[in-house]
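The values are calculated or read from the model by the stated rules, or taken from the named source; none is laboratory data. Note that this is a predicted model, so its numbers are computed, not measured. Ligands, DNA and RNA are excluded from the accessible area calculation, which covers all protein heavy atoms including side chains. Shrake-Rupley method; radii C 1.70, N 1.55, O 1.52, S 1.80 Å.
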Amino acid sequence: MAKDPLAEANLHFDELNKLRVLDPEVSQKTTELKEECKEFVDKIGQFQKIVGGLIELVDELAKEAETEKMKAIGARNLLKSVAKQREAQQMQLQALIAEKKMQLERYRIEHEALSKVEAEQNEFIDQFILQK
């Protein structure tokens, strides 16, 4: 079988009978690869858009989470502040109760002393009236 002298020189005719340097099979595979690469690049572009949207969404959620975290910290600090205020108020009220108890005890003692003086004066008056 005789070899084609053009094929030996790596020259080929395509379906339109144009002279080509590449083998038609290699040319076809190159075209297919080119199409596949274009599809791949398009898919990568779509993937980047999707990932970009996802990143934006995650960033938005992170900002919202950070905002909620700050609100929670503020609420916790406010709660601690209120608890400390209540504790301070409770201590003030306990001190006031202790002070009022001491005042009550002083008034009770004073009342007993005045009652004793009144009884003595009434007795003196009764004796004075009986002597007259």
Residue under question is GLU60, and the condition is that it be open to solvent by 100 Å² or more (accessible area, probe 1.4 Å) and of a type outside the set (A, V, I, L, M); does it hold?
yes
Of the conditions (1) at pLDDT below 95; (2) in a helix (DSSP H, G or I), ALA2 fails just one. Which one is it?
(2)
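Determine whether SER115 is open to solvent by less than 100 Å² (accessible area, probe 1.4 Å), at pLDDT below 95 and of a type in the set (Gly, Ala, Ser).
Numbers: open to solvent by less than 100 Å² (accessible area, probe 1.4 Å): yes; at pLDDT below 95: no; of a type in the set (Gly, Ala, Ser): yes.
For SER115, the condition - open to solvent by less than 100 Å² (accessible area, probe 1.4 Å), at pLDDT below 95 and of a type in the set (Gly, Ala, Ser) - is not met.
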